[in-house]
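J.: I'd like to ask some things about the structure below.
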Amino acid sequence: MIELRDLTKRYGDKTAVDGLSFTVRPGTVTGFLGPNGAGKSTTMRMVLGLDAPTRGDVRIEGKHYGELKEPLNSIGALLEAKGVHGGRSAYNHLLCMAQSNGIPERRVGEVLEMVGLHDVARKRPKGFSLGMGQRLGIASALLGDPRILMFDEPVNGLDPEGIHWIRTLMQHLAREGRTVFVSSHLMSEMAQTAEHLIVIGQGKLLADTSMSQFIAENSRTHVRVRTPEPQRLLDVLTTEGLRPAAGAQGALEVDGGDAARIGELAAAHRIVLHELSPQRASLEEAFMRLTAQSVEYHGHAPGGVQAPPEGAQVAPGAPQPPPEGPQAPPGGTQAPPGAPQAPPPGGQQAPPPGDPQGPPPEGPGWGEDWQRRRRR
Amino acid sequence: MSHTTRVLKSEWTKVRSVHSTIWTLAAAVVVSIGLGALICAVTASTFDDMSTVSRRTFDATYTSFAGMSLGQLAMIAFGVLVVSAEYSTGMIRNSLAAVPQRGTFLWCKVLVAGPLVLVVGLITSFCAFFLGQALLGEHGVGIGDPGVLRAVVGGGLYMALIALFAVGITFVLRSPLLAFAILMPFFFLVSNILGSVEATKKVGQYLPDQAGTTVMSVVPEALDRPYGPWEGLLIMAAWTAAALIAGFVVLKKRDA
């Protein structure tokens, strides 16, 4: 268990972490989510006693980090991928870590085996790929077989196979009853791994909730219907008390509607349907909405959509990313009235907010540099 | 096994598992002995050309340590790299996460590096002495002559202290670039100039290396210092202690 109480870190007049209080509990994977620069790494460094908090404190199983004589046996951490002497072999790197905490030498071989680095154990990490570096970092986190594991952006730079491996590992560790605390700036990544979510923005706590609750609260579900007779269907649905709205490419979108009921209504009125599909706004969009107010930098992305990070995947059930170019968000997900909308790329005029019937905003495509955007 | 013993073991693993250790220490030994031998050989062949004053105050022991002025730079490099590698690689976060007791961490590093540089320093000074005296021939001295053993042991201590001084300073500066840029020119040029130019000599002779080298001299007139050989080494030891304490304060206070 990791407990943070009013944790605050100031650098000069800049507040990196602002009064964070939350508890990371054992038995689940807790996702620590926030845009770049939100204060995740600073928080994690304070958990490890590397940075001294300006105010407040952190306790590991009730103790301050500095009180732990053999901290690696209580908490293992993967901080940024680097943190390894490029000229010291993977084996010796782990050995010196192990020795300082009285961990037997055979454990070094075990963790190297566990992360699949036993073949390069005697090689110097200078020549390691990013993924191998991450694996070495994870090996050192696992050295003391700790009850708490903390990973800072563990999937950064990993190939899809590596990502899958880490995900499985984290879930496995949590199932063993350990506390697993993992940071990411990718909601889609968290959606597949974490059961509990802590979201921060500009150092402040924005959400501390279970993943399922977060999904329920933050994703707008609607049904997309396509028909050659939109006017008739519109009338039918409106008389039934549903609220259809014009969607992209002539489709109708029914907010909060039940696909089965809409299908039955259409059948009863003998209206041909070309499409009837329940849609869910991606968690990425929910996350963007949540953190939009608190993102540090406001950047424009004139170059259009960036390629999604290597290996990044969209949560199952979420709309797929558009193949290219800035487009309307797939699934016709409109920001709810009054909600902050991401400005369109290319400096186009955004539709006036608070107009739910308007065309869907030309929001940025998935993977765009949304995390560096601030709405004022 | 006590906590300190474990951290010592870990620090020893760190030191022995990187190539820079063997390279810097080997360079210190080879350069000090080699350059010392060369200077002794040249001195022996040109001894009769020297002035009467120079011949009268000739310090055979000190001459055989002449290579240390360059060899000490490799010792400094060792001291800098032992610490700065932690910072430049980010290893320091792993190290302090494993050993959050920062004082224990620093002093164990010093306790591992210290004996190592002392052994290497003693090997260097004894080898440099015997090889140098052999090359000086009739102008050389014996290890049993008055003050000579002290000077040779002192040479080893000097090499160890200069490396530990670098350790302390690097804990303050944290960057290899900064540490090299300050320490190398300082000990290669600046302090020698400050210690020998008349205008600055009064203060300059109390600089760590200027004071420390006194212990290696057997003929006091050659250096002309207001303190004796052991006092000189003590001044240097005080500098080293101050550097290490400064390093400790910085390590303790600052975020890793």
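What follows draws every value from the coordinates through simple rules; no lab data is involved. Worth saying up front: this structure is predicted, and the values here are computed from it rather than measured. A quick note on method: Cβ atoms are made from the backbone with ideal geometry, for glycine too, and the neighbour counts reach across all protein chains shown.
J.: Per-residue mean of other chain beta-carbon atoms within 10 angstrom of the beta-carbon, peptide A:68-76?
T.: Counting other chains' Cβ atoms within 10 Å and averaging over A:68-76 gives 3.
J.: I would also like to ask the following. Which residues does the label zone of B:Ile193 cover in the range B:200-233, counting backbone N under 19 Å from a point 7 Å along Cα→Cβ?
T.: Under cut-off, by backbone N: B:200-211.
J.: For a quick check: with amide H placed at 1.01 Å from N, whose amide H comes under 5 Å from B:Gly67's, ignoring anything fewer than 5 positions away on the same chain?
T.: B:Gly36
J.: Counting only DSSP beta bridges with both residues in the protein assembly as shown, what percent are antiparallel, rounded to the nearest 5?
T.: 65
J.: Moving on. Only four residue types carry charge here, +1 at the Cβ of Lys and Arg and -1 at the Cβ of Asp and Glu. Report the dipole size of chain B about the Cα centre in Debye, rounded to the nearest 20.
T.: With only Lys, Arg, Asp and Glu charged at Cβ, the dipole is about 1280 debye.
J.: From the phi angles alone, apply the Karplus equation (6.51, -1.76, 1.60; θ = phi - 60°) to the range A:86-94 and give each ³J(HN,Hα) in whole Hz, x where the residue is Gly or Pro.
T.: Residue by residue, the range A:86-94 yields x, x, 9, 4, 3, 4, 5, 4, 5 Hz.
J.: Taking every residue in B:79-86, how many Cβ atoms of other protein chains lie within 10 Å of its Cβ, on average?
T.: 1
J.: I need the Kirkwood Rh of the range B:183-256: take the reciprocal of the average 1/r across all distinct C-alpha pairs and report it in angstrom.
T.: 13.3
J.: When the helices in chain B are scored as -39500 (n - 2.57) per DSSP H run of 4 or longer and the sum is shared across all residues, what 222 nm value do you end up with, to the nearest 500 deg cm²/dmol?
T.: About -25500 deg cm²/dmol.
J.: Summarise the partner chain shielding of B:7-16 as one whole number: the mean count of Cβ atoms from other chains within 10 Å of each residue's Cβ.
T.: Average neighbour count from other chains, rounded to a whole number: 5.
J.: To continue, here is another question. Tell me which residues come under 5 Å, amide H to amide H, from A:Leu149 once H is placed; ignore anything under 5 positions away on its chain.
T.: The list, which skips near neighbours in sequence, is A:Gly76, A:Thr179, A:Val180, A:Phe181.
J.: A 22 angstrom limit on the alpha carbon distance is what I want to check against. Which of A:Lys9/A:Lys63; A:Lys69/A:Lys123; A:Lys69/B:Lys253 exceed it?
T.: Correct reply: A:Lys69/A:Lys123.
J.: Which one of A:Gln231, A:Ser41, B:Tyr206 has its Cα pushed farthest toward the positive end of the charge dipole of the protein assembly as shown, where Lys and Arg give +1 and Asp and Glu give -1 at the Cβ?
T.: B:Tyr206
J.: Which ³J(HN,Hα) values in Hz, rounded to whole numbers, follow from the phi angles of the range A:122-136 under the Karplus curve 6.51 cos²θ - 1.76 cosθ + 1.60, where θ = phi - 60° and Gly and Pro get x?
T.: Each residue's phi maps through the Karplus curve to give 8, 8, 7, x, 3, x, 6, 6, 4, x, 5, x, 4, 5, 5 Hz.
J.: Report the FRET efficiency, 1/(1 + (r/R0)^6), for A:Lys63 and B:Asp49, where r is their Cβ-Cβ distance and R0 is 51 Å, rounded to 0.05.
T.: After rounding, the FRET efficiency stands at 0.10.
J.: Rounded to the nearest whole Å³, what is the per residue volume of the convex hull around the Cα atoms of the protein assembly as shown?
T.: Dividing the Cα hull volume of the protein assembly as shown by its residues yields 191 Å³.
J.: For chain B, set up a GNM with springs between Cα atoms under 10 Å and report which of B:Val148, B:Val218, B:Val18 has the largest fluctuation.
T.: Greatest mean-square fluctuation among the candidates belongs to B:Val18.
J.: Using θ = phi - 60° and the Karplus form 6.51 cos²θ - 1.76 cosθ + 1.60, what ³J(HN,Hα) does each residue of the range A:199-215 get, whole Hz, x for Gly and Pro?
T.: My calculation for the range A:199-215 gives 10, 10, x, 6, x, 9, 6, 9, 7, 9, 8, 6, 4, 5, 5, 4, 5 Hz in order.
J.: If packing is taken as the average number of other Cβ atoms within 10 Å across a peptide's residues, how do A:202-209, A:268-275, B:221-228, B:60-67 rank, most packed first?
T.: Ranking the peptides A:202-209, A:268-275, B:221-228, B:60-67 by packing returns B:60-67, A:202-209, B:221-228, A:268-275.
J.: Can you give me the long-range amide H partners of A:Val84? Hydrogens built in the peptide plane at 1.01 Å from N, cutoff under 5 Å, separation of 5 or more residues or another chain.
T.: Amide H to amide H, under 5 Å and 5 or more residues apart or across chains, A:Val84 pairs with B:Met91.
J.: If one takes the longest principal axis of the Cα atoms in chain B, at what angle in degrees, from 0 to 90 and to the nearest 10, does the Cα axis of helix B:3-16 lie?
T.: Around 60 degrees separate the two axes.
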